[in-house]
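Visitor: I'd like to ask you about the structure that follows.
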């Protein structure tokens, strides 16, 4: 039997009570009185559903969505409310049973890019800035909200798995979703910690959008499109949340030919390249345990071995952060180029150090000199993306990798002019490679800035 996941044991507590702007009213205009003292209209509807549709409430995520919504509509109709209040109550109950509960309005808000739960406090990011959004009624309500998120994706919120990463999908809003990281409250003294990075289908930004937002200049965009179209390998670096994936996606849409087959590998689906022939593969960064393999989990290393049997023109990886990073570098050596990935770096000069750190962490036995040599032989350009104090995300450097794994800036951010300025041209060797290996006429970008 499914009780209200947001109602803790003991006296009824509705986590929505802090957010309801006004009481529900009947069609006659008086405040709707509950037949049971102290019970809200929401609780009355939930109890009616439990009494008449316990089979659906046992696991609403597995029940036919149409059946659940029909039952909710019937339950709300028993309350004799004004239409606006009935619609609001219907949405609230639907969010509870089929959606994200009190977080659902934040999921629907296209301006919200991240949702962060710190115990009962909920924060959101809009336009690169964090601000309080709402307060759940209690720490228990925050835990029950985390349980709801897990249950929606067929997972269990339990102390035996205190750290969880999974994708949120919304059947009612195709194309939307989110990447969720969850820390169990047993490992977070201030309460359950949930980090949700949204993906809004209507907010997938194309290159013209990024130019308009000032993320990079048109000449820099032209260079990146032509570089990837011409077979150069590019690494996008920066801190988390700076827009690396959005930039990769936008550049790829202009650089990849419609007839090319692209394979992408990620731990959660975020790239979603806007090209016709793309195969998206999902695998975890760490090597699966025996128990995880029984459940069907695979690593990105496993995926790389499998791609050897899959015909492709390009390989793109969401992020380099595990042993698969070196599989990716090896793949760069044997391909004709045009590959891309991202990595978390405070500055691009730390690329070799970061890869060496990964090699040590996973006990790969790779000396630093070998890694530096691999970087010099496989990576052509690095693109650093940063976020300034105002929350503005933008490219601060585009650099060519030298024969010694050093960097030679091609574009650099000038803080005095607040512009991304060209400071050099690509080396003759890389220009020659691009002329020889260009697989498509790069779609002009400069004119779309206007």
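Visitor: Of all residues in the range 90-117, which are in a helix (DSSP H, G or I), under 16 Å from the mean Cα position of the chain (by Cα) and over 18 Å from residue 195 (Cβ atoms)?
Guide: Filtering the range 90-117 down to residues in a helix (DSSP H, G or I) leaves 90-98, 101-108.
Within this subset, residues satisfying the condition of being under 16 Å from the mean Cα position of the chain (by Cα) are 106-108.
Selection gives 108 alone.
Visitor: Sort out which residues of the range 359-374 are within 27 Å of the chain's Cα centre (by Cα) and modelled with pLDDT of 95 or more, and write them in order of number. First the steps, then the outcome.
Guide: Going residue by residue through the range 359-374, those that are within 27 Å of the chain's Cα centre (by Cα) are 359, 361-362.
Of everything in the range 359-374, just one residue is within 27 Å of the chain's Cα centre (by Cα) and modelled with pLDDT of 95 or more, namely 359.
Visitor: Pick out the one residue from 293, 346, 321 that is part of a loop (DSSP other than H, G, I, E, B) and surrounded by fewer than 16 Cβ atoms within 10 Å (Cβ to Cβ).
Guide: On the way: 293 fails: part of a loop (DSSP other than H, G, I, E, B); 321 fails: surrounded by fewer than 16 Cβ atoms within 10 Å (Cβ to Cβ).
From the options 293, 346, 321, the qualifying one is 346.
Visitor: While we're here: From the residues in the range 409-418 that are surrounded by 14 or more Cβ atoms within 10 Å (Cβ to Cβ) and without any contact (Cβ under 8 Å) to a residue 60 or more places away in the chain, which one is farthest from residue 214 (Cα to Cα)? First the steps, then the outcome.
Guide: First, pick out the residues of the range 409-418 that are surrounded by 14 or more Cβ atoms within 10 Å (Cβ to Cβ): 409-413.
In the following step, the residues that additionally are without any contact (Cβ under 8 Å) to a residue 60 or more places away in the chain were identified as 409, 412-413.
Values: 409: 20, 412: 14, 413: 12 Å.
Taking the candidates together, the pick is 409.
Visitor: Right, here's the next one. If I filter the range 133-149 for residues that are in a loop (DSSP other than H, G, I, E, B) and closer than 21 Å to residue 245 by Cβ, do I get at least one hit?
Guide: Our first condition is that a residue be in a loop (DSSP other than H, G, I, E, B); within the range 133-149, this holds for 136-138.
Remaining after also requiring closer than 21 Å to residue 245 by Cβ: none.
No, the range 133-149 has no match at all.
Visitor: Before we move on, is residue 246 in a helix (DSSP H, G or I) and modelled with pLDDT under 95? Outline the logic, then answer.
Guide: Working: in a helix (DSSP H, G or I): yes; modelled with pLDDT under 95: yes.
Criteria met by residue 246.
Visitor: Oh, and also: Can you find a residue that is in a strand (DSSP E or B) and in contact with a strand residue (DSSP E or B) (Cβ under 6 Å, 6 or more places away or on another chain) anywhere in the range 32-41?
Guide: Within the range 32-41, the first condition is being in a strand (DSSP E or B), and the residues that meet it are none.
Within the range 32-41, not a single residue is in a strand (DSSP E or B) and in contact with a strand residue (DSSP E or B) (Cβ under 6 Å, 6 or more places away or on another chain).
Visitor: Please tell me if residue 216 is within 30 Å of residue 405 (Cβ to Cβ), in a loop (DSSP other than H, G, I, E, B), at pLDDT 95 or above and assigned by TED's automatic domain parsing to the domain that holds residue 407. It would help to see each step written out before you state the result.
Guide: Working: within 30 Å of residue 405 (Cβ to Cβ): yes; in a loop (DSSP other than H, G, I, E, B): yes; at pLDDT 95 or above: yes; assigned by TED's automatic domain parsing to the domain that holds residue 407: yes.
Answer is yes for this residue.
Visitor: So, one more: Say whether the condition of being closer than 21 Å to residue 433 by Cα and surrounded by fewer than 24 Cβ atoms within 10 Å (Cβ to Cβ) is met by at least one residue in the range 181-199. Can you show your working first?
Guide: Initial filter on the range 181-199 (closer than 21 Å to residue 433 by Cα): none.
No, that holds for no residue.
Visitor: When you scan the range 222-232, do you find a residue that is in the same structural domain as residue 394 (by TED's automatic domain parsing), closer than 17 Å to residue 396 by Cβ, in a helix (DSSP H, G or I) and modelled with pLDDT of 95 or more, even just one? Spell out the reasoning first.
Guide: Keep residues of the range 222-232 that are in the same structural domain as residue 394 (by TED's automatic domain parsing), which gives 222-232.
From the residues that got through so far, the ones that are closer than 17 Å to residue 396 by Cβ too are 223-224.
If we keep only those that are in a helix (DSSP H, G or I) too, we end up with 223-224.
Subset that is modelled with pLDDT of 95 or more: 223-224.
Checked the range 222-232: at least one residue is in the same structural domain as residue 394 (by TED's automatic domain parsing), closer than 17 Å to residue 396 by Cβ, in a helix (DSSP H, G or I) and modelled with pLDDT of 95 or more.
Visitor: A follow-up question, please. Mind listing whichever residues of the range 267-286 are part of a loop (DSSP other than H, G, I, E, B) and either under 15 Å from residue 166 (Cβ atoms) or in contact with a helix residue (DSSP H, G or I) (Cβ under 7 Å, 6 or more places away or on another chain) (or both)? Let's see the steps before the verdict.
Guide: So the first thing to find is which residues in the range 267-286 are part of a loop (DSSP other than H, G, I, E, B), and the list is 267-277, 283, 285-286.
If the condition is that a residue be part of a loop (DSSP other than H, G, I, E, B) and either under 15 Å from residue 166 (Cβ atoms) or in contact with a helix residue (DSSP H, G or I) (Cβ under 7 Å, 6 or more places away or on another chain) (or both), then 267, 268, 269, 270, 271, 272, 273, 274, 275, 283, 285, 286 are the ones that fit.
The values are calculated or read from the model by the stated rules, or taken from the named source; none is laboratory data. These figures come from a predicted structure and were not determined experimentally. Here Cβ is always computed from backbone atoms with ideal geometry, including for glycine, and neighbour counts include all displayed protein chains.
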